[in-house]
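Shown next, in structure tokens, is the structure this report addresses.
Here, each number is a calculation from the coordinates, and none is a lab measurement. What you are looking at is a predicted structure, and each value in this text was computed from that prediction instead of being measured. Don't worry about glycine lacking a Cβ; one is built from the backbone with ideal geometry, like all the others, and counts go over all protein chains shown.
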Amino acid sequence: MPERTSPTNDALSASVDRTDGRPVYVIGGGPGGLAAAAALREQGVRAVVLEKSERVGASWRRHYDRLHLHTIRRWSALPGLAMPRRFGRWVSRDDMVRYLEKYADHHELEVVTGVEVSRIDRTADGTGWQLSATGGRVLTGRAVVVATGFNHTPRVPAWPGREEFGGELVHASEYRSPAPYAGRDVLVVGIGNTGAEIAVDLVEGGASRVRIAVRTTPHIVRRSTAGWPAQATAVLVRRLPVRLVDRAGRLLSRVAVPDLSAQGLPRPDTGLYSRVKEGAIPVQDVGLIDAVKSGSVVPVAAVESFDGDAVVLADGSRITPDAVIAATGYERSLEGLVGHLGVLDARGRPSVHGARTPDGAPGLHFTGFTNPISGMLREIALDARRIAGRLGRG
Ligand SMILES: Cc1cc2nc3c(=O)[nH]c(=O)nc-3n(C[C@H](O)[C@H](O)[C@H](O)COP(=O)(O)OP(=O)(O)OC[C@H]3O[C@@H](n4cnc5c(N)ncnc54)[C@H](O)[C@@H]3O)c2cc1C
């Protein structure tokens, strides 16, 4: 993939200590940051994207080979540039990366790579924001958009005995393809979208045995039914009362998803939308249902601890896989950046997003930290326009 050059690295030093005509700094060159910058530019607001890695779309470049978007192409595109039809309905990882590169070029975004922002503070005169960045840089902007990603830092639970485990233990963020696991006994921990897809990938790639450790049984939905994408239903129902959607979801699930209780995956007690409100997005089926039904992926109890070569499960059983892949999520890791500003909730997420700014922090915007049922990329696109609308007004 071609390297995206950053002709604006010089422009960065020019923007240091500017007191008037200060840009809006956008922290993060993923979909969230690029969308916000493009929407700001459209409003005539100068936006400078600061990206810690060497290229835009860093998170997408690291995702596993098999990955395709779970959201449809149309509702995954960012403001001001459609995704080409040839990308198909479910866009691949590589096409997503191509799109993000093209997006930055198309909108002529000012992207400065290799700059990590470590802390944001209000300027002494209270009219803007001061960013502390790599190499002792101090940048002053009239406003800031934080777009450092919901999936910022891989989280592996502090399971007792984890450090002494005799097998291989990796986080799902390190998983690329099933090739290294061919002929091996693998335990995937966590049955979110990532864990479910990796488990299927492992089966198709020739792992000798694949088990998946389940703490809470997930809602599983078909990615599309008779051509109607699950995301379209999600967009339609997102403003309806939670109990109503829960009830409809239960009915739909009984029609569309077979009962997998005998295989160890009973239907969840809590409703689908209630779970979304708690932060758990349903699992979109990309082969898990068939794999569980056929026994090629076997659900087991949650992981409790490690003991030498064994993994101890919540039901007391012990298993000895060759490798454990922890699909156990990510941390937002916003504490260092903005924790001192009192703008995070108890879960470490920004208390507001989009056009809204936290109390006492005018000009400080966040995007990409919500995980709505209707799709994060769609939300990112909406937030970008909201942020630009707000900051475009001055
Ligand atoms: C496996 C996977 C599949 C997904 N599939 C879908 C899907 O199908 N549909 C959908 O709508 N959503 C999906 N999402 C969710 C979401 O759309 C993506 O995570 C998306 O990349 C979020 O964009 P973002 O810009 O907020 O974060 P990221 O893409 O993570 O970008 C954040 C950027 O910020 C940079 N950065 C971080 N900290 C700093 C710092 N301090 N200073 C400077 N730069 C920094 C990072 O290097 C990175 O480039 C998926 C997520 C994952 C993990």
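General observations
- Extending 7 Å from the Cα toward the beta-carbon at both Ala262 and Arg122 defines two label points whose distance is 6.4 nm.
- Gap separating the Cα centres of region 361-394 and region 221-245, nearest whole Å: 22
- Backbone HN-Hα couplings from phi across region 326-338 [Karplus 6.51/-1.76/1.60, Hz, Gly and Pro as x]: 8, 9, 10, x, 9, 9, 6, 6, 8, 4, x, 6, 9
- Nearest-0.05 FRET efficiency for Ala182 and Ser351, computed from C-beta distance (R0 56 Å): 0.75
- Highest average packing first - 379-391, 156-168, 27-39, Cβ atoms within 10 Å: 27-39, 379-391, 156-168
- Most fluctuating residue given options Asp315, Asp65, Asp125, as computed from a GNM of the chain linking Cα atoms under 10 Å: Asp125
- Label-point separation in nm, Ala301 to Glu163, each point 7 Å along Cα→Cβ: 2.7
- When DSSP beta bridges are restricted to pairs lying wholly in the chain, around 40% turn out antiparallel.
- At the listed q of 0.08, 0.11 Å⁻¹, the Debye profile of the chain, built from one uniform point per Cα, gives log10 I(q)/I(0) equal to -0.46, -0.85.
- Under-5 Å amide H pairs with Asp307, H placed in peptide plane, nonlocal only: Val312
- Calculated mean residue ellipticity, 222 nm, the chain: -8000 deg cm²/dmol, from DSSP H runs (n ≥ 4) at -39500 (n - 2.57) each, averaged per residue and rounded to 500.
- Contact order normalised by residue count of the chain, Cα under 8 Å, 6+ apart, percent: 22
- Note on region 151-281: along the principal axes its Cα atoms extend 48, 31, 30 Å, ordered by decreasing extent.
- For region 304-351, alpha-carbon Rg over 2.2 N^0.38 Å: 1.82
- Lysines with Cα under 27 Å of Lys52, excluding same-chain neighbours fewer than 8 positions away: Lys102
- Kirkwood Rh and Cα Rg combined as Rg/Rh, region 204-322: 1.02
- Taking 18 Å as the cut-off, the amide N atoms of region 96-118 that come nearer than this to a point 7 Å along the Cα-to-beta-carbon line of Glu42 belong to 99-110.
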